[in-house]
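*Asks:* Quick one: this structure, given as structure tokens, is what I'll be asking you about.
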Amino acid sequence: MTLRLAGLGLDHSRSRRRDAGLAAGCRAVVAACALLVGCGGHEARTLKMRTALDEGAPRAAIAALNEELDVKSDDELPKDLEGDNALLVLDRASIQQSLAQFVASSRDFEAADKAIDMLDLARNASDSIGQYVFSDAAGRYKAPPYEKLLVNTLNMINYLERDDLNGARIEARRLAVMQRYVAEQLHEKDNAILGLGGLLAGFTYEKSGEADEALRYYDEALAFSGYRALRDPVRALARVSSYKSPRIASLDGPDPLPEPLERSNEGEIVLVVGYGRVPHKVSNRVPIGLALTLFANDIEPSNAAAANKLAAQGLVTWVNFPTLARGQGAYEIPSCKVDGGYVQLEEAVDVSAQVRAEWRKIEGKIVASAISRMVVRLAAGVGIQAATQDNKSTAVQVIGLLASLGTQGALAALDTPDTRSWETLPARVAVTRVRVPAGRHQLRLEARGVSRTQAIDVPKGGWKLVSLMALR
Amino acid sequence: MNARLGTIVPFALLTLLSASAVGCGHKEYVRDSHDPSIDNAAMSTGIDKDDIQRMLSENLNNLRNAPIMDLWRSHKGADTVAIFPFQNATSEHIDSQLGAVLSEAETWLVESGVVTMISRERQNQMIAEVEGSQHPVFNPAHAAQYGRQLGAKYFITGKVEASDERTDDARRVQYFFFMQVIEVETSAIRWQHKAYITKAVR
């Protein structure tokens, strides 16, 4: 691009040289803007993956993620897990789980678990400055509580699918650490994810022969959901455990307990079905006037005054911020068959509801900070223009205007709404637990047009856990 | 005025470019014999070579001077000893590292020459026989049974527990590593010792 200065009244060679330097600066600003434009944020990075999942092609979704992560195979982790790649690995872990690639899924969950935790712990003042000046997406990712709790909860399923109680216990302990952190440091004591986490952790400890630990987790799980299928196992455990609670005691009754599994020559099957996908975040762009109306209560008075002034001047100024897209599949009715007969599932957790509830808590703050950034952008632009407007040279004034617009434009382009989130979480998870005669059984789990047919051998007194994640 | 503009334009440039200036660097493979410092850094809250060496050195130095070692020395290698997997009761996936701890301890005992160690391959066969082929996984509750079937007089086992805590800006894992020698016939604990290791992210 060539910026012509001819005809703007510059006839002194000294001025010409000086202004040529400024023109070069201007060109550089424009070039820098061009470099910065075109960043679509996290939602653009995952578009191919979501499209593939919508089409019922999870392998294509993994291929899209591998391409984005710059790795050659499902087993390879990216060289750099310190940035937002950790979220993509988390997405890949969920999809690997849906493909019954439980070992690979565990490896991805564990790598992402540590990376997400590290990102969370590493947040510092520079993240806040980046978020204040440029964009919310400029800071390190901070996982919301439900994501932190679901990493270990879903990975427990991977270990239980492989009959690995040792691995499942480790995940249960990690869940307990995170649960304590969420309750004590984030002051969230009633996160519904704990209903599913408690159920799986309780089952893990029950089958490990640790009745007290099992009841402690079941007690937590029962606080969120009735779990009819848990009544008899909990009553049986309560007879041999010293753990007591009013909730556990309330399950007891005069009806006799079923015979122990070994004596009745039976085993147990736990079925877990996750279906649909939670709402992901998308970029939103609204005029300043509308943003001021929608989020009036969340905006600081000084920013509101500055923004109102702009709106009153009739300036078309836009505010970029993320919002939640529609979730999908939450109203599906999944089905499970054991040896051709239907078994009823119970809802364990509505993950989409957790996502929406968490979003409602922070949405106002996010829009308020987007408005703050817009005010900062305009101030920067106005400052540059003011520095040149008194100059007698028209050329300098034009350059000042261009530099001002360039700075505002570039900062606006940098202001990518933070659309980062774990997008491949199931919208809902349903579970059931049934006793079956020891031996071979045929299972069929189905939801959202995705099915898993599995033959399993249930040993006498033993157990099996089978899951389906229909992420469409 | 132009001077002011001259300072503002570079400033605007700097602001813009700083956002896109991501540090570029390249990685290389290194070997400890060329750069011994590569073993120094803690890379995670799991356990590494340095932790294993410190835990084992504390426990095995204690075992070296324990009465059971004097008894074994007096029997001139006639006592047969099996070594069973260490239980991972922590919140970290450190099973492969515990396998390394087991091998190090086994090597130390073989090199000491005071006992006859039973091969771990035979132990795995025995575990499969006791637990059944469907779930041939070591069960600590059956350790004495494995020992009897292996013809071992003693077995060595251990356990790692952890206290894992998380705050807004730190995560700390305190490991407690226990080792013990158990007499198969009586299930009596003939020796036990502990070592502590702490890892943290802060």
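The values are calculated or read from the model by the stated rules, or taken from the named source; none is laboratory data. What you see is a predicted model; the values in this text were computed from it and never measured. For neighbour counting, all protein chains shown are included, and Cβ atoms are generated from backbone atoms with ideal geometry for every residue, glycine included. What goes into the accessible areas is simple: the full protein's heavy atoms, side chains included, and nothing from ligands, DNA or RNA. Shrake-Rupley method; radii C 1.70, N 1.55, O 1.52, S 1.80 Å.
*Asks:* Length gain on complete extension for the stretch B:SER187 to B:TYR29, per 0.36 nm per residue less the alpha carbon to alpha carbon distance?
*Replies:* Details: separation 158, 0.36 × 158 = 56.88 nm, distance 4.87 nm.
In short, 52.0 nm is gained.
*Asks:* Based on DSSP, what percent of beta bridges with both residues in chain B are antiparallel, to the nearest 5? Provide the component values of the computation, followed by the final result.
*Replies:* Working: 25 of 34 bridges.
Around 75 percent of the beta bridges assigned by DSSP in chain B are antiparallel ones.
*Asks:* A follow-up question, please. Quickly work out the A:ARG228-to-A:VAL282 label distance, labels modelled 7 Å from Cα along the C-beta direction, and quote it in nm with one decimal.
*Replies:* Using points 7 Å along Cα→Cβ, the separation is 3.9 nm.
*Asks:* State the percent of C-alpha pairs, over all pairs in segment A:58-100, separated by a distance greater than 17 angstrom. Can you show the working numbers first?
*Replies:* Numbers: 162 of 903 pairs.
Beyond 17 Å sits 18 percent of the P(r) for segment A:58-100.
*Asks:* Which whole-angstrom value gives the distance between the alpha carbon centres of segment A:284-308 and segment A:43-74?
*Replies:* 37
*Asks:* Mind running the shape call on segment B:90-156? Use the C-alpha gyration tensor, a ≥ b ≥ c as the square roots of the eigenvalues: rounded below 1.5 for a/c, prolate if a/b tops b/c, oblate otherwise. Show your work: numbers first, answer last.
*Replies:* On the way: a/c = 2.10, a/b = 1.10, b/c = 1.90.
Here segment B:90-156 falls in the oblate category.
*Asks:* Same structure again: Just report the Cα centroid separation between segment B:51-126 and segment B:174-189, whole Å.
*Replies:* What the calculation gives is 11 Å, centre to centre.
*Asks:* How big is Rg to Rh over segment A:410-472, alpha-carbon atoms, Rh as the Kirkwood inverse-mean-distance radius? The partial results should precede the final answer.
*Replies:* Numbers: Rg = 20.2 Å, Rh = 15.4 Å.
Computed over Cα atoms, the ratio is 1.31.
*Asks:* Estimate for me the total accessible surface buried between chains B and A (protein heavy atoms, probe 1.4 Å, no ligands or nucleic acids), in Å² to the nearest 100.
*Replies:* Interface between B and A: roughly 3300 Å².
*Asks:* Another question about this same structure. Please compute the modelled spin-label separation between B:ASN62 and A:ARG180, points set 7 Å along Cα→Cβ, answer in nm with one decimal.
*Replies:* Label-label distance for A:ARG180 and B:ASN62, simple model: 2.3 nm.
*Asks:* Right, something else. In peptide A:337-349, what is the residue-averaged number of other protein chain Cβ atoms found within 10 Å of each Cβ?
*Replies:* Values: counts 0, 0, 0, 0, 0, 0, 0, 0, 0, 0, 0, 0, 0.
Mean inter-chain Cβ contacts per residue within 10 Å come to 0.
*Asks:* Within 10 Å of each Cβ in peptide A:180-188, how many partner chain Cβ atoms are there on average? Round it to a whole number, please.
*Replies:* Values: counts 3, 5, 1, 0, 3, 4, 1, 0, 0.
That average works out to 2.
*Asks:* Checking the cross-link filter: which aspartates and glutamates have an alpha carbon closer than 15 Å to that of A:LYS79, excluding same-chain neighbours under 8 positions apart?
*Replies:* Reachable aspartates and glutamates: A:GLU67, A:GLU68, A:ASP70, A:ASP108, B:GLU28.
*Asks:* While we're on this one: Heavy atoms only, probe 1.4 angstrom, no DNA, RNA or ligands counted: give me A:ASP70, B:ASP32, A:ASP164, B:ASP79 ranked by accessible area, highest first. Please report the intermediate quantities before stating the final value.
*Replies:* Details: A:ASP70 120, B:ASP32 75, A:ASP164 50, B:ASP79 10 Å².
Reading off the accessible areas and sorting them downward yields A:ASP70, B:ASP32, A:ASP164, B:ASP79.
*Asks:* Provide the net charge surrounding A:ASP255, with neighbours chosen by a C-beta distance below 13 Å and charges set as Lys +1, Arg +1, Asp -1, Glu -1. The partial results should precede the final answer.
*Replies:* Values: positive: A:ARG231, A:ARG235; negative: A:ASP232, A:ASP252.
So the surrounding residues net to 0.
*Asks:* Within 10 Å, count the other beta carbons around each residue, average over each peptide in A:88-96, A:442-450, and list them highest first.
*Replies:* Working: A:88-96: 26.7, A:442-450: 18.4.
Going from most to least packed, we get A:88-96, A:442-450.
*Asks:* Give me the three principal axis extents of segment B:34-121 from the C-alpha atoms, as integers in angstrom, largest value leading.
*Replies:* Principal extents (Cα only, largest first): 44, 28, 23 Å.
*Asks:* On to the next question. Kindly flag which residue pairs out of A:LYS148/A:LYS365; A:LYS337/A:LYS460; A:LYS361/B:LYS27 have an alpha-carbon separation exceeding 31 Å in this structure. Write out the running numbers ahead of the final one.
*Replies:* Details: A:LYS148/A:LYS365 21 Å; A:LYS337/A:LYS460 21 Å; A:LYS361/B:LYS27 42 Å.
The pairs that break the limit, which is 31 Å between Cα atoms, are A:LYS361/B:LYS27.
*Asks:* Debye calculation, C-alpha points only, no solvent: report log10 I(q)/I(0) for segment A:224-294 at q = 0.26 Å⁻¹, in the same order as the q values.
*Replies:* For segment A:224-294, the Cα-only Debye profile gives -1.27.
*Asks:* Let me know the longest stretch in chain B that avoids all GluC sites (Glu not before Pro) found in a DSSP loop with at most 15 other C-beta atoms within 10 Å. Walk me through the intermediate numbers first.
*Replies:* Details: sites that count: B:GLU28, B:GLU185.
Longest gap between qualifying sites, sites excluded: B:29-184.
*Asks:* From the square roots a ≥ b ≥ c of the eigenvalues of the alpha-carbon gyration tensor of segment B:58-202, which class results: rounded (a/c under 1.5), prolate (a/b over b/c), or oblate?
*Replies:* Numbers: a/c = 2.41, a/b = 1.44, b/c = 1.67.
Judged from the Cα gyration tensor, segment B:58-202 comes out oblate (a/c at least 1.5, b/c at or above a/b).
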